[in-house]
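K.L.:
To start, I am sharing the structure in question, which I have written as structure tokens.
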Amino acid sequence: YREINCAYCHSINGVGGNIGPDLSGLGGQANRDRLITYLRNPHAMVPTTLHPKLQFTDEEMEGLANHQT
């Protein structure tokens, strides 16, 4: 979240950007596989999303998926 600057668009507990949704508590609700699928290609799941398609390494993807709070 910090290293790849997700805070530019997303906040956690009200700290960060407001372009995307606040991610507070979202990780506990998100299905890990669905989260990975979305992050690999957001527009395939939500064609109208503003979320860019990011080129995550496998390590980065695992890190994001494993740090759900």
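Quick note: the coordinates plus some simple rules give every number you see, no bench work behind them. No experiment lies behind these values; they were computed from the predicted model shown. In this analysis, Cβ positions are derived from the backbone assuming ideal geometry, glycine residues included, and neighbour counts consider all displayed protein chains.
K.L.:
Could you work out how much longer the chain between Leu54 and Asn31 gets when fully extended? Use 0.36 nm per residue separation minus the Cα distance between them, nm to one decimal.
P.N.:
Gain on stretching Leu54 to Asn31: 6.3 nm.
K.L.:
Grab the DSSP H runs of the chain that are 4 residues or longer, score each as -39,500 (n - 2.57), total them, divide by all residues and round the 222 nm result to the nearest 500 deg cm²/dmol.
P.N.:
My calculation for the chain gives -9000 deg cm²/dmol from helical runs alone.
K.L.:
Sorted by packing (mean other beta-carbon atoms within 10 Å per residue), highest first, where do 17-24, 29-36 land?
P.N.:
Ranking, from highest mean packing down: 17-24, 29-36.
K.L.:
So, counting K/R as plus one and D/E as minus one, what does the shell of residues with Cβ under 14 Å around Pro42 add up to?
P.N.:
+3
K.L.:
In terms of modelled amide H atoms, which long-range or inter-chain residues lie less than 5 Å from the amide H of Cys9?
P.N.:
Long-range HN contacts for Cys9: Gly17.
K.L.:
A further question follows. Return P(r) of the chain (all Cα-Cα pairs; 5 Å bins starting at 0; whole %; ordered from short to long distances).
P.N.:
Taking every Cα pair in the chain, the percentages come to 4, 16, 26, 32, 20, 3.
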